[in-house]
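J.: I have a structure here, written as structure tokens, and I will follow up with some questions on it.
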Amino acid sequence: AGTEQAGIRVSSNAGSSWSEALTGISSSGTVYSVYAGNGFMLAGEAGTGVYKSVDNGMNWSLIPDMNLNYTYSFLEHNSKLFAATNLGVFSSSDGGNTWSAANTGLDIYWPYKSLISDGTNMFVVNNLYGVYYSADHGNSWKSSSNNLQSLTWLSLAICGTSLFAGSFFDGGLWKRNL
């Protein structure tokens, strides 16, 4: 579990108890996102970058040359990993060891907070510009923000045939058909 100013916590008993994952990652950092892949985990720590673990979260290593200081969300889609960051969306095809910008069509001046997929299309939400979608596995993005009124979009969810976007302040919850 990622925490605010307390690093990563690990549970081996379905959450009955938790311990710190101190080796290689700060015990006082803010971890915005955690991802569990096939044989590895990723954690996005604020101001530091992305860490990787290959032993179920007990030991962590900072991914070198990874300039994603704020990673808010990870997503696996079409055999690639994607990261929603303060610098846009990035993709990795090697388990998170290297990352490339996947920002075609995105405004990268505000953070992207949440990534989600319906199995075919991907969606990402930006604090200021709203929801974008990609129909080509992250190669390009188009706005899907008609009638959005908020400036603080933070989260996305898919339920059935609907996409939901959640706002921190004035917008509440927005819904549209997929």
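The values are calculated or read from the model by the stated rules, or taken from the named source; none is laboratory data. A quick note: this is a predicted structure, and the numbers were derived from the prediction, not measured. For neighbour counting, all protein chains shown are included, and Cβ atoms are generated from backbone atoms with ideal geometry for every residue, glycine included. Areas reflect the complete protein model, heavy atoms only, side chains present, ligands, DNA and RNA absent. Shrake-Rupley method; radii C 1.70, N 1.55, O 1.52, S 1.80 Å.
J.: Check residue 71 against each of (1) β-branched (Val, Ile, Thr); (2) more than 14 Å from residue 34 (Cα to Cα); (3) open to solvent by less than 20 Å² (accessible area, probe 1.4 Å) and name the one condition it does not meet.
T.: Residue 71 satisfies every listed condition except (2).
J.: Another question, then. Scan segment 74-93 for residues that are hydrophobic (A, V, I, L, M, F, W, C) and open to solvent by 70 Å² or more (accessible area, probe 1.4 Å) and jot them down.
T.: Listed by number, the list holds a single entry, 87.
J.: Mind checking which pairs have a first residue in segment 10-34 that is within 24 Å of residue 95 (Cβ to Cβ) and a second that is at pLDDT below 70 and of a type in the set (Lys, Arg), Cβ under 8 Å, 6 or more apart or different chains?
T.: Every condition considered, the pairs that remain are 21/9.
J.: Could I ask something else about it? Listed residues 107, 118; which is touching a residue at least 60 places away in the same chain (Cβ under 8 Å) and either of a type in the set (Asp, Glu) or crowded, with 19+ Cβ neighbours inside 10 Å (or both)?
T.: Only one candidate qualifies: 118.
J.: If a residue must be assigned to a loop (DSSP other than H, G, I, E, B) and either open to solvent by 30 Å² or more (accessible area, probe 1.4 Å) or at pLDDT 65 or above (or both), how many such residues does segment 1-21 contain?
T.: So the count comes out to 12.
J.: Residues to consider are 135, 165; find the one that is of a type in the set (Gly, Ala, Ser), crowded, with 20+ Cβ neighbours inside 10 Å and more than 14 Å from residue 82 (Cα to Cα).
T.: Checking each option against the conditions leaves just 165.
J.: Would you mind stating whether residue 112 is crowded, with 18+ Cβ neighbours inside 10 Å and touching a Lys or Arg at 6+ places or on another chain (Cβ under 9 Å)?
T.: Considered against the rule, which asks whether it is crowded, with 18+ Cβ neighbours inside 10 Å and touching a Lys or Arg at 6+ places or on another chain (Cβ under 9 Å), residue 112 comes out as no.
J.: If residue 45 meets every condition in (1) modelled with pLDDT under 85; (2) surrounded by fewer than 14 Cβ atoms within 10 Å (Cβ to Cβ); (3) within 15 Å of the chain's Cα centre (by Cα) apart from one, which number is that one?
T.: Evaluating residue 45 over (1) modelled with pLDDT under 85; (2) surrounded by fewer than 14 Cβ atoms within 10 Å (Cβ to Cβ); (3) within 15 Å of the chain's Cα centre (by Cα) leaves (2) as the failure.
J.: Show the residue pairs that are 6+ apart or on different chains and have beta-carbon atoms under 8 Å apart, the first residue being within segment 70-83 and free of Cβ contacts under 8 Å to residues at least 24 places away in the same chain, the second being small (Gly, Ala, Ser) and open to solvent by 10 Å² or more (accessible area, probe 1.4 Å).
T.: 79/93
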